[in-house]
Amino acid sequence: MTPKLLEIKDLSAGITESGKEIIKHLNLTINSGETHAIMGPNGAGKSTLSYVLTGKPDYTVTGGSMHFCGHDLTALKPEERAALGIFLSMQAPVEIPGVTTQFFLKHAVNAVRKYNNLPELDTAEFLKLLRSKAKEFEVSADMLKREINVGFSGGEKKRLEILQLSLLQPKLAILDEADSGLDIDALKIVANGVNQWHNNDNSLLIITHHLDLLRQIKPDFVHIYADGHIIRTGGMALAEELETSGYKNYLEASI
Amino acid sequence: MSLLKQNTALFGENIPWFEGLREKACTIFARIGLPTAKTEAWKYSYFKEDALNKPQIDSTPHQCDGHCHDESNLPFLAVDIKYCNGKLTHIAHDLPCGVIIRPLYEAIEDGEIKPYLNKSFDMEEFPFAALNTAFLDEGLFIVITAGTVLNMPIYLHYHQHHDVNRLSNIRNIVVVEKGAKATLIEHFDGENDAQYFDNIVNEIYVGTGAILQHYKQQNEAQKAHHVALNSVLIKADGQYNAFIVHGECTLARTESYVRLTQENAAAEINGVYRLEQNGISDITTNIRHLAPHTNSDQLVKGVLDGKAKGVFQGQIHIAPDAQQTTGYQLHRALVLSDEAEVDCKPELEIFADDVKCSHGAASGDLDAEQLFYMQARGIPLQEARQILIEAYLNEVFEKAKDSAVAEWMKDSYL
Ligand SMILES: Nc1ncnc2c1ncn2[C@@H]1O[C@H](COP(=O)(O)OP(=O)(O)OP(=O)(O)O)[C@@H](O)[C@H]1O
Ligand SMILES: [Mg+2]
């Protein structure tokens, strides 16, 4: 059995509507148990990569391939990818007026269970699970009753994303700026939540601009991402170096 | 007009005042005829040529082997009344104290209906109400006597079988006397392939300080036509709250013609419609503020798919001396396919100066970001769409005053 969880080969993708290419000949392999970090300038296409992996219709794959646990991702709908175990914590979680957080989470958990031929949780079972997670991520009962993400603060939204990660127990978690807008305590809650979930059978892809989260989640690889692909790979030392020198040297070198 | 030539024997032939009314109605209907695409009030939902040529006026006594005498199986207690194929087949035996419910023809025979029948509208303006008067063949006279507070709704269930393509002209007179409070539910349905035309007129008189909650669920058969006029007069401190739900049907129109005749009278009209095939839903309102300190509020939301069409026409009229009045109106629609269509015509006629009025209209599609967020959490697209549609319409259901009734309507609808 191959430990390869995600294998991206020579991937190119662009905006569906305009055809503008954003991801250009990207290669990246993530094995089970690994943590990868992606850092790169604004507009480099990091969020786009997260959306292409999860199947957002705004983007279209134009070349190359991406496989997850041996499945060709391009052939799968977003909900199938999610049910197979890809989770995306979004840079900007979406507000859904009229749908309460609790209702939404129950549907999500049961949809994933159903896809995987597991019995759906009834309300009592689900609430028990949800309450324990809510406590862990310091999400109040009031927040669970409110409409999902509507009027939540930036930090509250991010905590709720990680609560969802913990509820859904995916195989691959893509965290797109999960650390932005978090206060020091919230960052700890998020990092602890991620670390608790993380084990040798699942993997992380962390997109970030800051070292704080990386210091707590300790990546195995740090990639510098510019103009739609990875231009340099290293370890935590590369991230530390970036913090002092910025992207300038690497961007010039890659031209 | 072929309709007028139908050979019918309707009740009331030997009651001169009533015969006179029928004749007058015939004359008016023969002159104004059916609305066409050029009739302003009907321009979005006019009838195809043959919609009214085929249905027949059925004056034979009711006969069918259906379950038309059974009690309803509502999840709450109610005063059960049933119309089957346009004929009254069941009226609850034990009526609550202070409630009078009689077949209309009885009240016509003894003349008790005289102060109310055709006293709330002008037939010249309502072709279908003229038709309803000309061929009136069934109905109820409902009185909630002064001060009576009903603790259960009155439930009118209208059901149609598929035996004959009939035109049912039904008139209900509802009088809620001074200080009385009542809830009326109207529920229309028909067998799958049934073809018929329901032409309903309700004349509703809300007395001083009285309150009527009027719920209506239209779930007629796909091939059916449904036209209803709710003609409402409200006295001082009286309240009329309508909640209208339209489902599939060839054409369904509910027109609320509401007059706030005295101070502090209030009306609220909420409505939802959801069509996925090729039917037309028309919710038309005309709220007339005729006295100071009167209030009205309307919220109508629709969801259209397939080749369906939604119509909302909302008129708010504020008379010159209706000062310190508020009139709000909002219509929104989700249009989910390219072939679906929504027509919205708000009309404000304000002749007083110290008033607060607003109207709004918007239509759009489901939010792609919201759909993707749900899919990214494993929720299949179809389920995600359904969740968003329910959330969209829920805003209206939440405004219903009676949560048990609202829950029942929602369950049989969403
Ligand atoms: N749907 C879209 N329509 C138009 N342009 C888009 C769309 N999505 C992304 N882009 C453009 O593609 C480029 C990459 O965007 P992306 O959000 O992936 O960047 P990013 O690396 O995540 O940046 P940041 O660090 O600021 O989050 C940007 O120039 C952006 O404006
Ligand atoms: Mg981004």
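The values are calculated or read from the model by the stated rules, or taken from the named source; none is laboratory data. Since we're looking at a predicted model, the values are computed, not measured. Virtual Cβ from ideal backbone geometry, glycine too; neighbours counted across all protein chains shown. Only protein heavy atoms, including side chains, enter the accessible area calculation; ligands, DNA and RNA are left aside. Shrake-Rupley method; radii C 1.70, N 1.55, O 1.52, S 1.80 Å.
A few notes on this one:
- Interface burial in the stretch A:129-172 reaches 10 Å² or more for A:E161, A:Q164, A:L168, comparing the full protein assembly with the chain by itself; accessible area from heavy atoms with a 1.4 Å probe.
- Chain B - Cys residues lacking any other Cys C-beta under 4.7 Å: B:C26, B:C64, B:C97, B:C249, B:C344, B:C357
- Annotation: peptides B:138-148, B:355-365, ranked by per-residue average of other Cβ atoms within 10 Å with the highest first, follow the order B:138-148, B:355-365.
- Normalised per residue, the accessible area of the protein assembly as shown is 41 Å², obtained with a 1.4 Å probe and no contribution from ligands, DNA or RNA.
- Relative contact order of chain B, defined on C-alpha pairs under 8 angstrom at six or more residues apart (%): 10
- Straight-line cross-link partners of A:K9 among the aspartates and glutamates, defined as a Cα under 14 Å from its Cα and at least 8 positions apart when in the same chain: A:D72.
- Solvent-accessible area lost on pairing B with A (1.4 Å probe, both sides summed) amounts to about 1900 Å².
- Burial of 30 Å² or greater, the stretch A:76-93 residues [accessible area, probe 1.4 Å, versus chain by itself]: A:P78, A:E79, A:A82, A:M90
- Subset of A:K128/A:K188; A:K114/B:K410; B:K301/B:K345 violating a 21 Å alpha-carbon distance limit: A:K128/A:K188; A:K114/B:K410
- ³J(HN,Hα) computed for each position of the stretch B:164-181 - Karplus, 6.51 cos²θ - 1.76 cosθ + 1.60, integer Hz, glycine/proline x: 10, 7, 10, 9, 9, 9, 10, 10, 10, 9, 10, 10, 9, 6, 2, x, 7, 9
- FRET efficiency estimate (nearest 0.05) - Cβ-Cβ, A:E17 to B:D163, R0 51 angstrom: 0.40
- Rounded FRET efficiency, nearest 0.05, which uses the C-beta distance separating A:V61 from B:A361 and R0 of 60 Å: 0.90
- Partner shielding of A:103-113 amounts to 4, given as the average count of beta-carbon atoms from other chains within 10 Å of each residue beta-carbon.
- In order along the stretch B:366-372, the phi-based Karplus estimate (6.51 cos²θ - 1.76 cosθ + 1.60, θ = phi - 60°) of 3J(HN,Hα) comes to 5, 6, 5, 5, 5, 4, 5 Hz; Gly and Pro are listed as x.
- When a 1.4 Å probe is rolled over the protein heavy atoms, the share of accessible surface on the protein assembly as shown that falls to carbon and sulfur comes to 49 percent.
- In the stretch B:379-414, the residues whose accessible area drops by at least 30 square angstrom when the other protein chains are added to the isolated chain are B:I379, B:E383, B:I387, B:A391; the probe is 1.4 Å and only protein heavy atoms count.
- Expressed as a whole percent, the proportion of Cα-Cα pairs in chain A lying more than 24 Å apart is 47%.
- The Cα atoms of the stretch B:42-126 give a gyration tensor whose axes a ≥ b ≥ c have a/c of 1.5 or more with a/b no greater than b/c, which makes the shape oblate.
- Between A:Y115 and B:E109, the simple label model (points 7 Å from Cα in the Cβ direction) yields a spacing of 6.8 nm.
- Taking chymotrypsin sites (Phe, Trp or Tyr not before Pro) across the stretch B:347-389, the ones in a DSSP loop with at most 14 further Cβ atoms lying within 10 angstrom of their Cβ are B:F351.
- Where both bridge residues fall in the stretch B:2-366, DSSP classifies roughly 5% of the beta bridges as antiparallel.
- The magnitude of the dipole of the protein assembly as shown, with charges of +1 and -1 set on the Cβ of Lys/Arg and Asp/Glu and taken from the Cα centre, is near 700 debye.
- Electrostatic dipole magnitude of chain B [Cβ: Lys, Arg +1; Asp, Glu -1; Cα centre; debye, to 20]: 540
- Between the listed residues A:G235, A:A134, A:V190, the Cα displaced farthest toward the positive end of the dipole of the stretch A:117-255, a dipole computed from Cβ unit charges relative to the Cα centre, is found at A:A134.
- Amide H contacts of B:L140 (H built 1.01 Å from N, under 5 Å, at least 5 apart or other chain): B:L104, B:R171, B:N172, B:I173
- Hz values of 3J(HN,Hα) by residue in the stretch B:79-84 - Karplus curve (6.51, -1.76, 1.60), Gly and Pro given as x: 7, 7, 9, 10, 9, 10
- Think of the protein assembly as shown as having a plus end and a minus end, set by charges on the Cβ of Lys, Arg, Asp and Glu; of B:I113, A:I224, B:A92, A:I224 sits farthest toward the positive end of this dipole.
- Compactness index (Cα Rg / 2.2 N^0.38 Å), the protein assembly as shown: 1.21
- Solvent exposure, largest accessible area first (probe 1.4 Å, DNA, RNA and ligands not counted), of B:T36, A:T208, B:T89: B:T36, B:T89, A:T208
- Accessible-area rank, largest first, for A:T62, A:T244, B:T325: A:T244, A:T62, B:T325, with all protein chains present and a 1.4 angstrom probe.
- Simple Cβ-charge dipole of chain A, Lys/Arg +1 and Asp/Glu -1, about Cα centre, in debye nearest 20: 460
- The listed residues A:H229, B:H162, B:H90, once ranked by accessible area (1.4 Å probe) with the largest placed first, stand as B:H162, A:H229, B:H90.
- Annotation: for a label point projected 7 angstrom from Cα along Cα→Cβ of A:K188, no residues of the stretch A:139-155 have a backbone N closer than 15 Å.
- Computed over the stretch B:192-327: relative contact order in percent, which uses C-alpha pairs under 8 Å that are six or more apart: 20
- Amide H within-cut-off set for A:Q91, under 5 Å, with H built and near neighbours excluded: A:D176
- With the charge dipole of the protein assembly as shown set up from +1 on Lys and Arg Cβ and -1 on Asp and Glu Cβ about the Cα centre, the Cα lying farthest toward the positive end among the listed residues B:F397, B:Y273, A:I22 is that of A:I22.
- Eigenvalues of the alpha-carbon gyration tensor of chain B, scaled by 5 and square-rooted, set the equivalent ellipsoid semi-axes at 31, 26, 23 angstrom, largest first.
- The stretch B:72-117: Cα Rg divided by the 2.2 N^0.38 Å rule of thumb: 1.36
- Inter-probe distance in nm under a simple model that places probes 7 Å from Cα toward Cβ, at A:N31 and A:A75: 2.6
- Near the amide H of A:I206, within less than 5 Å, lie the amide hydrogens of A:H36, A:A37, A:I38, A:L175, all on another chain or at least 5 residues away, with H placed in the peptide plane.
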